[in-house]
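Read-outs throughout are calculated quantities, based only on the coordinates presented, and are distinct from any laboratory measurement. Only a predicted model underlies this, so the values are computations on that prediction, with no experimental measurement involved. Glycine also receives a Cβ, built like all others from the backbone with ideal geometry; neighbour counts cover every protein chain displayed.
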């Protein structure tokens, strides 16, 4: 499912226009992104938890040349499915 299909599904289920559903989805994703950027986490009971973890610097390998390269440390977003969501899959 892509974003357009999700907006269509939300619009149908919540009896909203596609424009309103798109605005709601954008607001949801923006709120999560802003919270993660501040270092916080978002927990939706039954669905899952969005959080930020730190990935350490490491050595990698260029697949074309085989040369060793250094990969910088960075923060990455992480999602852990909740018990209810995991049970539905």
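Quick notes on this one:
- Multiplying each eigenvalue of the alpha-carbon gyration tensor of region 40-89 by 5 and taking the square root yields semi-axes of 34, 14, 5 Å, largest first, rounded to whole angstroms.
- In degrees, nearest ten, helix 3-14 long axis to first principal axis of the chain (Cα): 30
- For the chain, the longest principal axis of the Cα atoms and the long axis of helix 18-37 meet at an angle of about 40 degrees.
- Potential extension, residue 1-residue 78 segment - 0.36 nm per residue separation minus Cα distance: 25.7 nm
- Across all Cα atoms of the chain, the radius of gyration (one decimal) and Dmax (whole number) stand at 18.2, 55 Å.
- As a proxy for reagent exposure, 71, 7 were ordered by neighbouring Cβ count within 10 angstrom, fewest first; the result is 71, 7.
- From least to most packed, judged by other beta carbons within 10 angstrom and beginning with the fewest, 51, 17 follow the order 17, 51.
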